[in-house]
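S.K.: For reference, the structure I am asking about is given below.
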Protein chains: 2
Amino acid sequence: MGSSCGGNLPRVCILSTGSEITQGLYADTNAQELSRRLMDRGFEVMSHAAVADERDEIARAIRSVFGRCDLLIATGGIGPTVDDLNRGIFAELWGVGLRRIARAEAMIRQRFVRRGRPMPESNLAQAWIPANARPLLNFWGTATGFLMPTMGERPHALVMPGVPAEWRGMFDRYFARDVEPHFPNRSPRHVHTLHIALLPESEVNDRVRDLFDADERVQVGILAKQGRIRLRLIGGADARNAIAAMAQRMRSRLPAEAIFAEGPEEFTLEEATVHALKTEGLRVACAESCTGGGIANRLTNVAGSSAVLEESVVTYSNEAKMQWLGIEAPLLATHGAVSRECSMAMVQGLMKRTNADIALSVTGIAGPGGGTPEKPVGSVWIAIMDRGGRCESHLHHFPGDRASVRAWTENHALEMLRRWAKHLPIPTS
Amino acid sequence: MGSSCGGNLPRVCILSTGSEITQGLYADTNAQELSRRLMDRGFEVMSHAAVADERDEIARAIRSVFGRCDLLIATGGIGPTVDDLNRGIFAELWGVGLRRIARAEAMIRQRFVRRGRPMPESNLAQAWIPANARPLLNFWGTATGFLMPTMGERPHALVMPGVPAEWRGMFDRYFARDVEPHFPNRSPRHVHTLHIALLPESEVNDRVRDLFDADERVQVGILAKQGRIRLRLIGGADARNAIAAMAQRMRSRLPAEAIFAEGPEEFTLEEATVHALKTEGLRVACAESCTGGGIANRLTNVAGSSAVLEESVVTYSNEAKMQWLGIEAPLLATHGAVSRECSMAMVQGLMKRTNADIALSVTGIAGPGGGTPEKPVGSVWIAIMDRGGRCESHLHHFPGDRASVRAWTENHALEMLRRWAKHLPIPTS
């Protein structure tokens, strides 16, 4: 998707240092979260870089942004160990020495005293910053952050620890106060997303593709993953109306029930589901087999979900299905656990045993084992039932490996709950 | 942690193109997974970069690796849309034109025919590659990958689609055959990790920190997250014995029960837990409140977990605790749901109602709401019980936000199950 609608926004490059990233132990989620925050605050992120804890690589990565961005944000590399090189490298590249921040040193000492632990002397290195930098005191850990001034081609540079709780603390406390005033021409871009579920990506494409280049003020992107699709419209400060018009045109071409949320924010499917159930005053009970608690887990990721989740049982084994849901052995023997009959018996069992308004069950084969020619890996029955006696069960064939089948199943089930609550049509496959 | 033990390994830079990454919609998990694969195959990853879909930014990012790596791996930017710029940019930077791969074009056309869909003409752009590149036919999608030859300072460049299923397919099919022969001096590094749980990071540090620099052939890294810690030992081809000796020294300084796995591979806590339960022939039942199915979900992430998970109930509400676990209203009224008494009644309820050998319950306050001065957010009771009548419940105070408290709780509970199965001591807080 395109992004060149930034115009003259201040340009940011993000640098993460740490061999644990280049060795693939963690994805660089700091860069992701910082990007979201910066976009909201009217900056344009040009690039992410992650480099190993090696002096030459870090210095090269920093030099490579000189002259092509207005702000560099670096996380990591300012801890107490010999691998923490960023303090010295920034000082060198800006041509200054290091200075000790007495207040920071006192805070580090206090932190160890409070915890009743002896302080290895090496920790005091964290109280030193480049001589021309503004210190950013760390109330969430021990590494002092700092803000380097711009100098010739060198951009402003905000240098923070890599631990999320620490850089988040610093960002919240210092960014608006100490960094933003240097960038008066910030301008938050308008973002408007149509959040779509249970519609094939190819169908969305067919319906709206010709609009992608219909208005040069509006950049359109399409992002699809495991049954949910985002149509993202982005534009500059002057594009608010153009975006609204484009959203209207797209909406008119898509089935209304497929748009589970819309607006400037990100939404998860489970947020929309919890919201719909809450609005309608409905409580749900789930019986999960192949998703193993994934649906309940995602519902309860949403704060306040206790208002809508009556209970959930993970009935992985046939015994559990009999014991907790009252499913009879002959049914399992005749039809198997992955069958319409079993999925229906599961929701009926929930209805008998709980006070929920809606019951949902899933039973399927997530793989890697367990598939047969008649029931290959990815075969999943999802059933839903309410107190009015309405009941449906559909067979799905979800693609990919175990994790993928589970994610597709969860997404499908969550969206079915939302549509059921709202009396919207549910696709049958 | 350090990584400079690569010696003369072939050096790789990874480039991901896509504004959805620089805008923070996704973390760059392609770079993470590629890094793991490359390390296993004896390459050293120097850096990751992610740039927006803009011609100048992409070209600059590619040029910036000239002369400083042996192989560039780029994902994304070779699809059918105008934002897909990589084909043209690579051709230009290598000073060549584009050529059409007839076989690739036929495959693209066939793909649409098979799906019974008309093919937008723009799709055929995906059959073109730089004139001097080797085509990598795509059997998993439509974008043809390619391998650019090294030329002067330009490294070899492997260019693949950004869709994980597509680049994984290409990597598995072509990397060993077409890419590795150019790099005879590959040498997989030896990695040995001690996987530790339920020991404070500071304690691990105190016990082994002085060994970190004890043998220059062995790089030591420590990575801590939400109750689990990795001590990673890495060395070159000649360091196998040195690593084994270092692992032995570290092991001797750590409580044996805290090391839940050890070896060259990555392990998850849930893998170790499922393995321990399986080995001991034990089946577990869980009652989850604040984790909302997260423990069951993680256990069932492990293929074959049906052998060890009897069932799990998510009893988020007091009603569910009464209904499914037989907890009595007076107990809840007197002690509250977040109490030793409730956590014990939950495991007792599971023992009565299931055939499990071990029962585990969690009840706590994940936040953001629900905290009180006596029971602040992060207060979690975890109880465990077996058929021998052994029963323990402990109060924990886990840090961070809702997601963090839930992750700490899950990690703690999974490790308690493993230790209980193995008759190992369990920490009481």
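S.K.: Evaluate the charge dipole of the protein assembly as shown about its Cα centre and quote only its size in Debye, nearest 20, assuming +1 on the Cβ of each Lys and Arg and -1 on the Cβ of each Asp and Glu.
M.R.: The dipole of the protein assembly as shown has a size of about 260 debye.
S.K.: Picking from B:PHE267, B:LEU299, B:PRO255, whose Cα lies most toward the positive end of the charge dipole for segment B:255-299 (charges on Cβ: Lys, Arg +1; Asp, Glu -1)?
M.R.: The Cα lying farthest towards the positive end belongs to B:LEU299.
S.K.: Give the average, rounded to an integer, of partner chain Cβ atoms located within 10 angstrom of each Cβ in A:299-312.
M.R.: What the average comes to for A:299-312 is 6.
S.K.: Check the straight Cα-Cα distances from A:LYS422 and name the lysines below 22 Å, setting aside those fewer than 8 residues away within the same chain.
M.R.: Reachable lysines: A:LYS278.
S.K.: Moving on. Net charge within 15 Å of B:ASN355 by Cβ-Cβ distance, Lys/Arg positive one each and Asp/Glu negative one each, not counting B:ASN355 itself?
M.R.: Around B:ASN355, the charge tally is 0.
S.K.: Which percent of Cα pairs goes in each bin when the distances of the protein assembly as shown are cut into 20 angstrom slices starting at zero?
M.R.: The distribution over the protein assembly as shown is 14, 44, 37, 5, 0, given as percents.
S.K.: Net charge around B:ALA224, counting only other residues with Cβ within less than 12 Å of its Cβ (Lys, Arg = +1; Asp, Glu = -1)?
M.R.: Neighbourhood net charge equals +1.
S.K.: Then there is this: For chain B, what does the helix formula give at 222 nm: sum of -39500 (n - 2.57) over DSSP H segments with n ≥ 4, over the residue count, nearest 500 deg cm²/dmol?
M.R.: -10500 deg cm²/dmol
S.K.: Also, I was wondering about something else. Considering only C-alpha atoms, what is the centroid distance from segment B:348-400 to segment A:267-332, in Å?
M.R.: So the separation of the two Cα centres works out to 20 Å.
S.K.: If you project the alpha carbons of segment B:17-168 onto the principal axes, what extent comes out on each, in Å, largest first?
M.R.: 45, 34, 31 Å, listed from the longest principal axis down.
S.K.: Turning to a different aspect of this structure: Straight-line reach from B:LYS352: which lysines fall under 21 Å, measuring Cα to Cα and dropping same-chain residues less than 8 apart?
M.R.: Within the straight-line cut-off, B:LYS352 pairs with A:LYS321, A:LYS352, B:LYS321.
S.K.: Next up: For a quick check of your reading of the filter: which GluC sites (Glu not before Pro) in segment B:118-189 sit in a DSSP loop and have no more than 10 other Cβ atoms within 10 Å?
M.R.: Passing sites in segment B:118-189 are B:GLU153.
S.K.: Need one number: nm distance between label points at B:ALA176 and A:ARG240, each 7 Å from Cα along Cα→Cβ, rounded to one decimal.
M.R.: 5.9
S.K.: Now, a different point. Assuming 0.36 nm per residue, please report the length gained on full extension of the stretch A:GLU153 to A:ARG134 beyond their Cα-Cα distance.
M.R.: This chain segment gains 4.9 nm when fully extended.
S.K.: Quick one: which of B:323-331, B:368-376, B:77-85 comes out on top by average Cβ neighbours within 10 Å, and what's the full order, highest first?
M.R.: The packing order, highest mean first, is B:77-85, B:323-331, B:368-376.
S.K.: Another question, then. What is the average number of partner chain Cβ atoms found within 10 Å of a Cβ in B:49-61?
M.R.: What the average comes to for B:49-61 is 5.
S.K.: Looking at B:THR279, B:PRO188, B:CYS290, which one has the Cα that reaches farthest to the positive end of the dipole of segment B:172-291 (charges on Cβ: Lys, Arg +1; Asp, Glu -1)?
M.R.: B:PRO188
S.K.: Carbon and sulfur together cover what percent of the accessible area of segment B:389-429 at a 1.4 Å probe radius?
M.R.: 59
S.K.: Tell me, in nm to one decimal, what length is gained between B:HIS397 and B:ASN355 on full extension, where the rule is 0.36 nm per residue of separation less the Cα-Cα distance? Each step should come with its number before you reach the end.
M.R.: Working: separation 42, 0.36 × 42 = 15.12 nm, distance 3.11 nm.
Value of the extension gain: 12.0 nm.
S.K.: Here is a follow-up. Please identify, among B:ALA143, B:ALA91, B:ALA106, the residue showing maximal mean-square fluctuation in a Gaussian network model of chain B using a 10 angstrom Cα cutoff.
M.R.: Taking springs between Cα atoms under 10 Å, the residue moving most is B:ALA106.
S.K.: While we're looking at this one, here's another question. What angle, in degrees between 0 and 90 and rounded to the nearest 10, separates the Cα long axis of helix B:340-353 from the longest principal axis of the Cα atoms of chain B?
M.R.: 80
S.K.: According to the Kirkwood expression over distinct Cα-Cα pairs, how big is the hydrodynamic radius of chain A, in Å? Let's see the in-between values first.
M.R.: Working: mean 1/r = 0.0401 Å⁻¹.
After inverting the mean inverse Cα-Cα distance, the result is 24.9 Å.
S.K.: In percent, what relative contact order does chain A have, based on Cα pairs under 8 Å that are 6 or more apart in sequence? Could the numbers behind the result be given before it?
M.R.: Working: 821 pairs, mean separation 48.6, N = 429.
It comes to 11 percent, rounded to a whole number.
S.K.: Between B:GLU203 and B:ARG340, with labels modelled 7 Å along Cα→Cβ, what's the label distance in nm to one decimal, could you check?
M.R.: Placing both labels 7 Å along Cα→Cβ, they lie 2.1 nm apart.
S.K.: Another question about this same structure. Mind giving me the FRET efficiency for B:MET119 and A:GLU121? R0 is 51 Å, r the Cβ-Cβ distance, nearest 0.05 is fine.
M.R.: Computed FRET efficiency for B:MET119 and A:GLU121: 0.15.
S.K.: Would you work out the charge dipole size for segment B:335-429 about its Cα centre, treating the Cβ of every Lys and Arg as +1 and the Cβ of every Asp and Glu as -1, and quote it to the nearest 20 debye?
M.R.: Charge dipole, segment B:335-429, about its Cα centre: 220 debye, nearest 20.
S.K.: I'd like to know which of B:CYS69, B:THR81, B:LEU34 lies farthest towards the positive end of the charge dipole of segment B:27-105, counting +1 on Cβ of Lys and Arg and -1 on Cβ of Asp and Glu.
M.R.: Positive-end residue among those listed: B:CYS69.
S.K.: Further, regarding this structure: Between A:ALA106 and A:ASP56, what is the label-point separation in nm under the 7 Å Cα-to-beta-carbon projection?
M.R.: That separation, rounded to one decimal, is 4.3 nm.
S.K.: Label point 7 Å out from B:ARG251 along Cα-to-Cβ: which residues of segment B:193-207 have amide N under 15 Å?
M.R.: Answer for this model: B:193-196.
S.K.: Then there is this: Rank B:ARG390, B:ARG418, B:ARG240 by mean-square fluctuation in a GNM of chain B with C-alpha springs under 10 angstrom and give only the top-ranked residue.
M.R.: Maximum fluctuation in the GNM of chain B, among the listed residues, is at B:ARG390.
S.K.: Based on the mean of other beta carbon atoms within 10 Å per residue, what is the order of A:290-302, B:252-264, most packed first?
M.R.: Highest mean packing first, the order is A:290-302, B:252-264.
S.K.: Follow-up. What residue among B:ASP172, B:ASP53, B:ASP28 has the largest mean-square fluctuation in a Gaussian network model of chain B, using Cα springs under 10 Å?
M.R.: B:ASP172
S.K.: Rounding to the nearest 20 debye, state how big the charge dipole of chain B is about its Cα centre with +1 on each Lys and Arg Cβ and -1 on each Asp and Glu Cβ.
M.R.: Dipole of chain B, to the nearest 20 debye: 1020 debye.
S.K.: Kirkwood Rh and Cα-based Rg: tell me the resulting Rg over Rh for segment B:368-417, rounded to two decimals.
M.R.: Reported Rg/Rh, Kirkwood definition of Rh: 1.05.
S.K.: Which whole number of Å³ per residue matches the convex hull of the alpha-carbon atoms in segment A:246-313?
M.R.: Considering the Cα atoms of segment A:246-313, their hull volume per residue is 112 Å³.
S.K.: Follow-up. Over all residues in B:219-231, what is the mean tally of Cβ atoms on other chains that come within 10 Å of each residue's Cβ? Can you show the working numbers first?
M.R.: Working: counts 2, 0, 8, 2, 4, 1, 3, 0, 0, 0, 0, 2, 0.
That average works out to 2.
S.K.: Working only with C-alpha atoms, what are the Rg and Dmax values of segment B:311-371, expressed in angstrom?
M.R.: Calculated on Cα positions, Rg and Dmax stand at 11.4, 35 Å.
S.K.: Here is a further query. All other residues with a Cβ under 11 Å from the Cβ of B:SER339 taken together, and with Lys, Arg as +1 and Asp, Glu as -1, what is their net charge?
M.R.: Local net charge: 0.
The values are calculated or read from the model by the stated rules, or taken from the named source; none is laboratory data. Keep in mind that this is a model prediction, so the values were computed, not measured. All Cβ positions, glycine included, derive from the backbone under ideal geometry; neighbour counts span all protein chains shown. Protein only, heavy atoms only, side chains kept; ligands, DNA and RNA dropped before computing areas. Shrake-Rupley method; radii C 1.70, N 1.55, O 1.52, S 1.80 Å.
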